[in-house]
Amino acid sequence: MYAEQKEFFERALSIQDKIDNADQENLIQIYIGLGVSCKYLRDLENSKQYLERALDKSKKIYGEDYFKNIEVMIALSSTCGYLGEYLRQEKLLKSALSIGINHYGEDHLKVAKVLGHLGVVYEHLGRYQEQKGVLEKALSIFLKYYDEKHLAVFSTMANLGSAYRELRDY
């Protein structure tokens, strides 16, 4: 499935490259699609390159603090995590968090999503107190929108349990 997806995005990119004044939003979406496809195919370096292109183009067109940059930053941070680039992952997520809070407010689902990802980064970095803090905030936001059976709530609880275990906070 991802190989076919990647193939279609590559074909779209080759067509897009031949068009003068091509739709830049469409090009950003193609780069994101290629980046995500490559990630799932474990072609992490290409994933990172495509997602960096998407983010760079989006920032150039819409600005550094554009709210749609959040999803690209999350995708790129995920690839960076798979590559073991946890400090870069943290930086991307903190930027995404700032944009999310400024655009949506502190109790929005997008903010909770970023906080959840940031919690995983802090776990990889061994910063369990910070992990606990961001996951508690994420959980409180998720519970405003979902019940305990929702995947976002369940996975945040599981990650929070890991933080408590590492802190020996029983």
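The values are calculated or read from the model by the stated rules, or taken from the named source; none is laboratory data. Since the model is a prediction, treat every value here as computed from it, not as a measurement. Positions of Cβ are backbone-derived with ideal geometry, glycine not excepted, and every protein chain shown enters the neighbour counts. For accessibility, only protein heavy atoms count, side chains too; no ligands or nucleic acids. Shrake-Rupley method; radii C 1.70, N 1.55, O 1.52, S 1.80 Å.
Using a/c under 1.5 as the rounded threshold, could you call the stretch 93-154 rounded, prolate or oblate? The axes a ≥ b ≥ c are square roots of the C-alpha gyration tensor eigenvalues, and prolate needs a/b larger than b/c, oblate otherwise.
Taking the square roots of the gyration eigenvalues as a ≥ b ≥ c, the stretch 93-154 is oblate.
What does the charge dipole of the stretch 77-152 about its Cα centre add up to, to the nearest 20 debye, if the Cβ of each Lys and Arg holds +1 and the Cβ of each Asp and Glu holds -1?
Dipole size: approximately 140 debye.
Placing +1 at every Lys and Arg Cβ and -1 at every Asp and Glu Cβ, with all other atoms neutral, what dipole size does the chain have around its Cα centre, in debye to the nearest 20?
240
Please tell me which of these pairs span more than 21 angstrom C-alpha to C-alpha: Lys110/Lys144; Lys39/Lys132; Lys60/Lys137?
Lys39/Lys132; Lys60/Lys137
Between Lys59 and Ala3, what is the label-to-label distance in nm when each label sits 7 Å out along the Cα-to-Cβ direction?
3.5
Which value in nm describes the separation of the simple spin-label points at Glu52 and Glu106, placed 7 Å from the Cα toward the beta carbon?
Between Glu52 and Glu106, the label points sit 3.5 nm apart.
R0 = 25 Å: FRET efficiency of Glu71 with Asp147, Cβ-based, nearest 0.05?
0.50
What ³J(HN,Hα) values, in whole Hz, does the Karplus curve 6.51 cos²θ - 1.76 cosθ + 1.60 give for the stretch 138-152 when θ = phi - 60°, with x put for Gly and Pro?
Karplus-based 3J(HN,Hα) across the stretch 138-152 equals 4, 4, 4, 6, 4, 5, 6, 10, 10, 8, 5, 7, 6, 4, 4 Hz.
Only Cα pairs within less than 10 Å get springs; with that Gaussian network setup on the chain, which residue of Val121, Val111, Val153 has the largest fluctuation?
With Cα springs under 10 Å in the chain, the top fluctuation among Val121, Val111, Val153 is at Val153.
Order Glu166, Glu25, most accessible first, counting only protein heavy atoms with a 1.4 angstrom probe.
Glu166, Glu25
Quick one: how many Å² of Phe142 are accessible to a 1.4 Å probe, rounded to 10?
Counting only protein heavy atoms, Phe142 exposes about 20 Å² to solvent.
Once you have a ≥ b ≥ c as the square roots of the Cα gyration tensor eigenvalues for the stretch 1-84, tell me rounded if a/c is under 1.5, and otherwise prolate or oblate according to whether a/b is larger than b/c.
Oblate shape, in that a/c is at least 1.5 and b/c is the bigger or equal ratio.
Pull out a ≥ b ≥ c, the square roots of the eigenvalues of the alpha-carbon gyration tensor of the stretch 37-129, then state rounded if a/c is under 1.5, prolate if not and a/b is larger than b/c, and oblate in the remaining case.
Oblate.
Show me, for the stretch 49-65, the HN-Hα J-couplings you get by feeding each phi into the Karplus relation (A = 6.51, B = -1.76, C = 1.60, θ = phi - 60°), rounded to Hz, glycine and proline as x.
Using θ = phi - 60°, the values come out as 5, 5, 5, 5, 4, 4, 5, 4, 5, 5, 5, 5, 7, 9, x, 4, 9 Hz.
Taking a cut-off of 17 Å between Cα atoms, list the lysines near Lys57, but don't count ones fewer than 8 places away on the same chain.
Candidates past the 8-residue exclusion: Lys48, Lys68.
For the peptides 56-63, 96-103, 122-129, what is the packing order when you average, over each peptide's residues, the other Cβ atoms within 10 Å and list the highest mean first?
Descending packing order for the listed peptides: 96-103, 122-129, 56-63.
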